[in-house]
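Structure first, commentary second.
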Number of protein chains: 2
Amino acid sequence: MTNNKSNQRKPQLEDIAEALGISKSTVSRAISGKGRIRAETREKVFACIKEMNYRPNMIAKSLSERRTYNIGVVVPMDQNEMEAPFFQTCLNGIAKECAVHDYDAVLIGTEKDNLSQLQRVIQNRKVDGVIVTRPASDGSIEELLDSSDMPFVVVGRSVHSNSIIIDSDHVNGCKALTSYLLLANPPEKLGLILGNMEHTVNKSRYAGFMSAFSGAEQHIDERLLFTGVDSDLKFSKAVALLLKEKPSCIICGDDVICMKLLALLNEKGIAIPSQMRVASFYDSVYLDSCSPPVTSLYFDAAKLGSASADRLIDLLTDTEAEDTVSLGFELLIRGSTL
Amino acid sequence: MTNNKSNQRKPQLEDIAEALGISKSTVSRAISGKGRIRAETREKVFACIKEMNYRPNMIAKSLSERRTYNIGVVVPMDQNEMEAPFFQTCLNGIAKECAVHDYDAVLIGTEKDNLSQLQRVIQNRKVDGVIVTRPASDGSIEELLDSSDMPFVVVGRSVHSNSIIIDSDHVNGCKALTSYLLLANPPEKLGLILGNMEHTVNKSRYAGFMSAFSGAEQHIDERLLFTGVDSDLKFSKAVALLLKEKPSCIICGDDVICMKLLALLNEKGIAIPSQMRVASFYDSVYLDSCSPPVTSLYFDAAKLGSASADRLIDLLTDTEAEDTVSLGFELLIRGSTL
DNA sequence: CTGAAAGCGCTTACAG
DNA sequence: CTGAAAGCGCTTACAG
């Protein structure tokens with residue numbers, strides 16, 4: 001005696017056509033909704049599908065439609081471990097959105113000088129399009145995609161022109177956070193420590209920071225601004241110089257810089273927020289679980305993921321949509337700036 | 001004028017058969033290596049494939065072979081953000097290994113009470129097998145897979161019997177770390193803070209810890225052992241009691257517990273390692289970048305991933321292999337226990 | 001060792 | 001509105 005389910009062959013189009021005494025073509029049309037079909041027959045078909053628990057074989061569908069219902073997701077394998085939560089959450093958003101459209105997400109791991117997984121997937125025609133969760137700084141991923149006629153969207157900025165981009169609104173976010181700080185504790189003496197200025201995200205952050213001053217009472221003190229801080233050495237130098245200027249508040253370009261700053265202030269016995277306020281342009285769990293927790297900007301990585309999947313699927317189905325989609329931000333005011 | 005590549009149709013089996021004046025069947029056999037074929041013809045075929053840059057259409061191959069060359073990867077969407085680096089690295093290992101075997105990894109996001117993505121993928125027959133990177137504590141994922149006749153392997157322990165399991169050797173790892181501590185600074189007065197004992201991994205850790213004492217000079221002091229510490233409240237209570245006993249070294253069950261302990265010791269002004277040594281049974285970047293960095297056990301998540309992909313693919317191709325594969329560990333002796 | 005043909009389970013012109 | 005048939009690009013008995 002074997003169990004019911006396992007010796008019952010999975011029903012296919014033909015089975016439901018037979019059960020209803022109609023042709024496969026008609027059943028197929030009822031399901032796809034393409035071509036005219038009598039409402040009555042359509043309903044009969046749907047009822048039968050439900051009863052027989054029919055689910056189309058996606059592979060067969062793929063072959064005849066010449067689309068895979070898969071989208072590739074390029075994820076950097078050489079990422080900083082601190083970035084993992086972002087990608088993880090982004091992937092969750094992508095997977096969720098794919099499921100809604102009956103697509104699946106195929107992982108593509110890339111490294112700086114190794115795009116072999118991407119090449120494989122393209123050559124094997126296993127995906128209809130690709131989401132690049134982090135473009136290489138030289139645009140090589142987009143170029144490969146482009147020259148292979150593979151539709152794609154990218155999360156964040158891209159050096160490659162004409163790419164469809166899904167990004168958070170860093171400029172306005174950073175402007176909002178900066179403005180808040182300027183107004184909350186006047187006259188705030190604001191320091192800034194930003195990372196590598198070749199990264200477009202840091203340019204955006206800088207732009208947002210600067211623009212907050214245009215309407216404000218205070219003017220910018222250049223001596224408190226440090227950009228291109230992308231190594232431990234540069235960080236130490238920058239902080240040393242910055243502290244000499246006695247700022248009342250320091251904004252960190254990202255959570256990594258912020259963690260370093262917190263460690264250093266702690267070492268020096270500088271209390272937060274009483275002796276120094278601290279904020280970050282990019283939130284992470286680590287900032288929330290600090291004591292005191294750090295004021296920062298929050299960007300919804302899951303939404304970034306689902307929006308890019310959504311946009312890519314629109315692209316694949318020739319649905320009209322914007323070339324750039326910009327998502328919002330949240331300002332998380334926490335203990336470090338009170 | 002359009003570019004060369006794009007108006008050249010991708011070559012297919014028939015094209016290379018034609019070019020060589022032989023049949024598609026023969027070409028197919030040359031490629032697959034199934035069935036007898038003259039060495040000479042095989043070589044001609046390979047040469048031609050190379051020249052025409054032929055790559056088989058995997059979807060067509062899938063349909064006729066009734067296998068998808070996809071494996072599903074179940075990833076928890078409701079994970080703790082601290083766990084992200086583990087899953088990320090594990091996914092990298094899986095993707096890499098899949099590529100080697102010309103498989104692809106399809107993402108399947110699951111939540112505690114929502115296995116809908118998994119159900120979809122199973123029903124759509126989009127994967128040949130599944131890797132469960134973290135089983136639900138009630139075994140529901142394995143049950144669903146089992147009842148759907150979907151081959152699978154699980155990373156870590158499983159409550160589900162007869163599952164194929166790929167895991168790190170926590171018992172021996174924890175034993176090794178504990179033994180090291182006992183020998184390095186005798187007589188070490190060892191405290192232990194372990195998390196939820198329903199998690200099999202914590203049982204293994206406990207077992208490893210205990211077994212280190214069997215050959216050692218020191219005997220276990222039960223008053224220094226705290227298990228089931230899975231909330232902030234329980235943590236505070238445990239540490240308060242533990243510190244009263246004046247241990248010389250505290251072992252933390254995982255990196256989260258360790259981070260909390262470090263923060264608390266720091267608050268209390270207890271210096272590491274001079275006034276208290278600290279170690280962890282599970283490493284993470286955060287422990288490495290502490291000052292001093294924390295002695296801990298390192299498990300290779302990427303290897304865990306690639307080993308599970310490898311094992312699953314063996315299973316799918318009826319290759320013999322062990323039901324349990326156990327990976328090693330590394331002991332990272334760092335500043336916190338010197 | 002090789003080829004002609006059927007088949008994998010769908011979709012979609014084409015004809016009615 | 002519906003059906004018969006060809007086709008998607010492979011694999012694999014079957015026959016030779």
- Message: Taking the condition of being under 28 Å from B:ASP230 (Cβ atoms) and assigned to a strand (DSSP E or B), how many residues in region B:101-115 meet it?
- Response: 5
- Would you check which residues across region B:291-310 are within 23 Å of B:ARG205 (Cα to Cα) and either hydrophobic (A, V, I, L, M, F, W, C) or surrounded by 23 or more Cβ atoms within 10 Å (Cβ to Cβ) (or both) and list them? B:VAL294, B:THR295, B:SER296, B:LEU297, B:PHE299, B:ALA301, B:ALA302, B:LEU304, B:GLY305, B:ALA307, B:SER308
- Output the residues belonging to region A:127-162 that are part of a loop (DSSP other than H, G, I, E, B), hydrophobic (A, V, I, L, M, F, W, C) and more than 14 Å from every other protein chain (Cβ to nearest Cβ). A:ALA136, A:VAL159
- Message: With the requirement that a residue be near DNA strand C (Cβ under 9 Å from one of its atoms) and surrounded by fewer than 17 Cβ atoms within 10 Å (Cβ to Cβ), what does region A:20-34 give you?
- Response: A:SER23, A:LYS24, A:SER25, A:SER32, A:LYS34
- Options B:ARG55, B:ARG42; residue that is more than 30 Å from A:SER306 (Cβ to Cβ) and in a helix (DSSP H, G or I): B:ARG42
- Message: All but one of (1) touching a residue at least 40 places away in the same chain (Cβ under 8 Å); (2) crowded, with 21+ Cβ neighbours inside 10 Å hold for B:LEU145; state the number of the condition that does not hold.
- Response: (1)
- Item | Which listed residue, of B:LEU190, B:LEU224, B:LEU242, B:LEU194, is in contact with an Asp or Glu (Cβ under 7 Å, 6 or more places away or on another chain) and of a type outside the set (Ser, Thr, Tyr) | B:LEU224
- Message: When you scan region B:78-100, do you find a residue that is in a strand (DSSP E or B) and away from DNA strand D (no atom under 16 Å from the Cβ), even just one?
- Response: no
- Mind listing whichever residues of region A:189-219 are at pLDDT 90 or above, in a loop (DSSP other than H, G, I, E, B) and in contact with a strand residue (DSSP E or B) (Cβ under 8 Å, 6 or more places away or on another chain)? A:LYS189, A:LEU194
- Message: Restricting to region A:24-47, and then to whatever is over 17 Å from A:ALA60 (Cβ atoms) and near DNA strand D (Cβ under 6 Å from one of its atoms), can you tell me which residue is nearest to the chain's Cα centre (by Cα)?
- Response: A:GLY35
- When B:PHE235 is evaluated against the numbered criteria (1) without any contact (Cβ under 8 Å) to a residue 40 or more places away in the chain; (2) surrounded by 13 or more Cβ atoms within 10 Å (Cβ to Cβ), which criterion, by number, is the only one it fails? (1)
- Message: Tally up the residues in region B:180-219 that are among the hydroxyl-bearing types (Ser, Thr, Tyr) and surrounded by fewer than 19 Cβ atoms within 10 Å (Cβ to Cβ), please.
- Response: 4
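For region A:82-97, give me each residue that is of a type in the set (A, V, I, L, M, F, W, C) and either at the interface with another protein chain (Cβ under 8 Å from one of its Cβ atoms) or touching a Pro at 6+ places or on another chain (Cβ under 9 Å) (or both).
Correct list: A:MET82, A:ALA84, A:PHE87, A:LEU91, A:ILE94, A:ALA95.
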- Candidates B:LEU63, B:LEU118, filtered to the one that is within 12 Å of chain A (Cβ to nearest Cβ), assigned to a helix (DSSP H, G or I), of a type in the set (A, V, I, L, M) and crowded, with 21+ Cβ neighbours inside 10 Å: B:LEU118
- Quick one: which strands (runs of 3 or more DSSP E) sit completely within region B:259-338 and have at least 3 residues that are of a type in the set (A, V, I, L, M, F, W, C), outside the structural domain of B:PHE87 (by TED's automatic domain parsing) and more than 20 Å from B:PHE235 (Cβ to Cβ)? none
- Message: Quick check on my filter: what residues within region B:248-281 are touching a residue at least 40 places away in the same chain (Cβ under 8 Å) and β-branched (Val, Ile, Thr)?
- Response: B:ILE250, B:ILE251, B:VAL256, B:ILE257, B:ILE272, B:VAL278
- Would region A:88-106 turn up any residue that is surrounded by fewer than 20 Cβ atoms within 10 Å (Cβ to Cβ), within 16 Å of DNA strand C (Cβ to nearest atom) and not aromatic (Phe, Trp, Tyr)? yes
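Which residues, taken from region A:45-76, are of a type in the set (Lys, Arg), over 15 Å from B:ARG120 (Cβ atoms) and within 11 Å of DNA strand C (Cβ to nearest atom)?
A:ARG66, A:ARG67
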- Item | Candidate set from region A:9-23 (those that are farther than 24 Å from B:GLN119 by Cβ and outside any helix (DSSP H, G or I)); member that is farthest from DNA strand D (Cβ to nearest atom) | A:GLY21
- Message: Return the residues of region B:66-81 that are in contact (Cβ under 8 Å) with a residue 40 or more places away in the chain and within 7 Å of chain A (Cβ to nearest Cβ); say none if nothing qualifies.
- Response: B:THR68
- Name the single residue, out of those in region A:38-55 being within 14 Å of chain B (Cβ to nearest Cβ), surrounded by 12 or more Cβ atoms within 10 Å (Cβ to Cβ) and not basic (Lys, Arg), that is farthest from A:ALA19 (Cα to Cα). A:TYR54
- Pair list, Cβ < 7 Å and 6+ apart or interchain, from region A:18-41 residues that are at positive phi to residues that are surrounded by 10 or more Cβ atoms within 10 Å (Cβ to Cβ): A:GLY35/A:ARG29
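The values are calculated or read from the model by the stated rules, or taken from the named source; none is laboratory data. Here the structure is a predicted model, which is why all the values come from computation and not from measurement. Glycine also receives a Cβ, built like all others from the backbone with ideal geometry; neighbour counts cover every protein chain displayed.
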